[in-house]
Amino acid sequence: MNYLVLKNKEHILRNIILFCSIGGFALAWLGVIWFGYIGVALTITIVWGIRGLLTYYYARRVKKQLDREVV
């Protein structure tokens, strides 16, 4: 996350967090109904994992793009 902020790509990070928050809220709502507190715990774990993977993917993409611009 810090890499995107340092490279002035806060809008990418904002979109990732917004997407994960809205999706996580919907999943948590269903998780509570179907599985109770276990569903919410699984939802939080899944959403944080997705958020981490998306952040890593876009950070790598930004790094490659910036490396090409320098050369």
ask   = Can you find even one residue in the range 7-27 that is of a type outside the set (A, V, I, L, M), in contact with a helix residue (DSSP H, G or I) (Cβ under 9 Å, 6 or more places away or on another chain) and touching a residue at least 40 places away in the same chain (Cβ under 8 Å)?
value = yes
Residue count, the range 21-59 (criterion: under 30 Å from Glu69 (Cα atoms) and surrounded by 13 or more Cβ atoms within 10 Å (Cβ to Cβ)) = 7
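Coordinate-derived values only; no laboratory data. What you see is a predicted model; the values in this text were computed from it and never measured. Every residue, glycine among them, receives a Cβ derived from its backbone with ideal geometry; neighbour counts consider all protein chains shown.
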